[in-house]
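The block underneath contains the structure these notes are about, expressed in structure tokens.
Any read-out appearing in this document is the output of simple, stated calculations on the displayed coordinates, not a laboratory observation. Every value quoted in this text rests on a predicted model; they were computed, and no experiment measured them. Note that we place each Cβ from the backbone using ideal geometry, even for glycine, and neighbour counts take in every protein chain shown.
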Amino acid sequence: MTHVLVTGATGYIGGRLVPQLLDAGYEVSVYVRAPWKLRDVPWRERVSVFKGDLSDPVATRRAMNGVDVAFYLVHSMSAGRDFVSAEKEAAQVFADAASAAEVRRIVYLGGLHPDNATLSKHLASRAAVGQVFLGCTVPAIVFQAGIVIGSGSASFEMIRHLTEVLPYMPAPRWVRNHVQPIAIRDVLRYLVQAVSIEEELNRTFDIGGPDTLRYGQMMNGYAVEAGLPQRHIAALPVLTPWLASQWVSLVSPVPRQIAVPIIASLQNDCVVEETDIDRYIALPEEGLIPYRTSVRLALTREAEGQVETSWQSATVPGAPSDPLPSDPDWAGHTVFTDLRERESTASTGAVWDVIEAIGGEKGWHSFPLAWAARGWIDRIVGGVGMRRGRRHPSRVNSGDVIDVWRVESINRGRMLRLRAEMRMPGRGWLELGVEPTENGSRYRQRAVYFPKGLTGRLYWAVLLPFHGIIFNGMAASILRDAEQAMVDAT
């Protein structure tokens, strides 16, 4: 059996690729920094999980043992000063480990770009990573893909929100550039079939869908599929990529650190210049998926709550990643808590249903203006804000995002622990739990905050007067909704 290793298995592409590789009959291992994010995925027990970072040669080499084909699906969305060198160094560690383990093939997914053009920093970094793999001793297939369209993709969400929010849009000149979008289903088909190509290839392949469109046409194509009027778009020469990313961040849930590399990559025409991959991977009988069909499929998946992976779950640069310590570990730390407990006649199941559906469109059950204001402040200072929403309207898994929080732990039916990813001087968690009683249930809500320095202590002190309103209101509203749900069900 062919043994495949996937990096980036907690990401948008990797999280969808793994189950397809398994269904194709391959033995699959994944190499991730945070295995806890995979705790609830349906394919967890079918793969071998290796924990490590691509900056660690020893751990990377260990994950390569016995591997035939290694997928590199890791991209930094950070705009830090050293991200270019960090990406090249990580790729070199991966290439060296693959060589030492005598891996048969590396498969990398990069970005579609024109030859001999000045590329954005992020797109140039993608190209440089591809060159690292092409220059190592292991043969590499480097796919260069256009804009990926699928439920949950950042590019799709950006198109959707720009189109839905703005009936008239002043836009940068790049809305006139030609792009060749590709459906996520076609991207995955290329990746899966790259494993079984018999020829020893070491080269790049352009991949794109059947439609070559201007970016503005993509937006109006979305409008047609969503049942919206055609949008009027005015291309302005004054909107730089940086200004455009601020604009996108303002009108869409896509945060600035993700919008910047997407927009910067649109500064050139990005179309397929060769179709050599067709010699090795046959086109499906029905052909590649057209753009508007891919939009229709994405909208259907989102309406049905069947989004497998999402940009929302991308790691936030600078966000805390350490789990909440157990109580004995708090010795020596300054910690502030806000604990609320209430009895209810509602069943534990009814209360849990409300807990698990918190956030997103249903909100946070108290003082919505305060939550919205906190989200806007976070966006202004470069954070993710409250508009990331959630992948599924009523169910969450470990590692999922709920607005400005990430699901750190879930004991389904009993406890949900969220870790704050907002910008603040310290680390924060919110726990929501329920347990049965003789007359119904007991609801328990705990906010925990580890301040950082004096600023962190002042931050908690400033917010303290609002906690009574926010947290009391949240507890009361959650139980009220649970009790009403039981009444409605009888």
Run through segment 404-490 and list the chymotrypsin sites (Phe, Trp or Tyr not before Pro) located in a DSSP loop whose Cβ has at most 15 other Cβ atoms within 10 Å.
none
Relative contact order of segment 3-310: what whole-number percent is it, with Cα pairs under 8 angstrom and at least 6 residues apart?
20 percent
Could you give the radius of gyration (one decimal) and Dmax (whole number) of the Cα atoms in the chain, in Å?
23.6, 73
In nm, what is the difference between 0.36 nm times the number of residues separating R203 and V84 and their Cα-Cα distance?
40.7 nm
Counted charge near A489, where neighbours are those whose Cβ lies closer than 13 Å (Asp, Glu -1; Lys, Arg +1):
-4
How tilted is helix 215-225 with respect to the longest principal axis of the chain? Cα atoms for both, answer in degrees (0 to 90, nearest 10).
60 degrees
Angle between the chain longest axis and helix 291-303 axis [Cα atoms, degrees, rounded to 10]:
20 degrees
To the nearest 10 degrees, how steep is helix 154-165 against the longest Cα principal axis of the chain, on a 0 to 90 scale?
70 degrees
On a straight-distance basis, which lysines could pair with K362 in a cross-link, Cα separation under 26 angstrom, same-chain partners fewer than 8 positions away excluded?
K37
Go through 216-227, 92-103, 279-290 and give me the packing order, highest mean Cβ count within 10 Å leading.
92-103, 216-227, 279-290
One checks the Cα atoms of segment 327-489 and finds Rg and Dmax, in Å, of 15.8, 50
Pairwise label distance in nanometres, K452 with A373, each label 7 Å out on the Cα-Cβ vector:
2.4 nm
Just for the chain, what percent of DSSP beta bridges are antiparallel, to the closest 5?
50 percent
Give me the distance between the Cα centres of segment 31-54 and segment 157-196, rounded to whole Å.
29 Å
Average Cα contact separation per residue, segment 63-170, under 8 Å, 6 or more apart, as relative contact order %:
28 percent
